[in-house]
1. Out of the residues in the range 57-71 that are open to solvent by less than 100 Å² (accessible area, probe 1.4 Å) and outside any loop (DSSP other than H, G, I, E, B), which is nearest to residue 188 (Cα to Cα)?
2. Answer yes or no as to whether residue 61 is modelled with pLDDT under 80 and within 30 Å of the chain's Cα centre (by Cα).
3. Pairs only if they're at least six apart or on different chains, beta carbon under 9 angstrom, first in the range 111-137 and at positive phi and free of Cβ contacts under 8 Å to residues at least 24 places away in the same chain, second part of a helix (DSSP H, G or I) and open to solvent by less than 30 Å² (accessible area, probe 1.4 Å); list them, first residue then second.
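The values are calculated or read from the model by the stated rules, or taken from the named source; none is laboratory data. Fair warning: this is a prediction, and the values are worked out from it, not measured in the lab. Cβ atoms come from the backbone with ideal geometry, glycine included; neighbour counts cover every protein chain shown. What goes into the accessible areas is simple: the full protein's heavy atoms, side chains included, and nothing from ligands, DNA or RNA. Shrake-Rupley method; radii C 1.70, N 1.55, O 1.52, S 1.80 Å.
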Amino acid sequence: MATKLSSNLVLGAQLTQTARLAAQITPITVEVAPQPAQAKVVREGFQVPAVALNNQAAEFFLDNLEVLQPRQTPRVVSQSLRPGTRVTAGAVVDLVLARAGDVPFKIFEGVHTGLMERTVDNLLDGMLTQPAVRQAVLKYDKAEDVPAADRTLLVQQFQQSADIAIDDTSPDTGFAAAFQSARMALAFK
């Protein structure tokens with residue numbers, strides 16, 4: 001289930017250790033405003049209202065929430081700005097989030113045809129649960145860079161764990177397509 005989230009990004013700067021030491025020695029000017037800074041979170045075009053919590057009741061509620069494993073939380077599938085675009089503080093960026101189980105491989109380019117009707121969690125919950133396989137996929141940017149030993153391991157895992165046939169006579173069913181598909185799936189881990 002995909003959801004849209006519209007938020008303002010607040011960009012902060014981190015001080016290097018040298019700057020921290022310098023800050024301890026030199027005086028720092030602090031701007032004091034009559035009201036604290038307010039986050040600007042917008043949903044459906046309107047500012048989300050702030051809520052006042054009963055701290056005791058909220059603490060009890062929060063302590064009893066079910067903790068979601070990182071793999072269950074939604075990941076960013078799309079954003080309103082091109083990736084790598086620098087934005088200024090306060091810029092609005094619309095994000096589309098989805099769980100890995102809801103993201104189909106068919107939305108990506110260069111996917112192995114054996115995965116077209118599946119979602120990325122098929123690989124994440126299958127062959128990519130194995131550390132050696134995951135490391136072999138993450139270690140190399142391109143399929144051409146994968147050495148023979150790692151390639152053999154990956155081909156075996158594609159066939160056994162993912163039920164994906166590797167046929168290098170076609171680019172849509174070859175090792176390169178399967179390898180890139182696995183790398184795409186890992187973006188949602």
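1. Per the stated criteria, the residue is 71.
2. Details: modelled with pLDDT under 80: no; within 30 Å of the chain's Cα centre (by Cα): yes.
Spelling it out, it is not the case that residue 61 is modelled with pLDDT under 80 and within 30 Å of the chain's Cα centre (by Cα).
3. none
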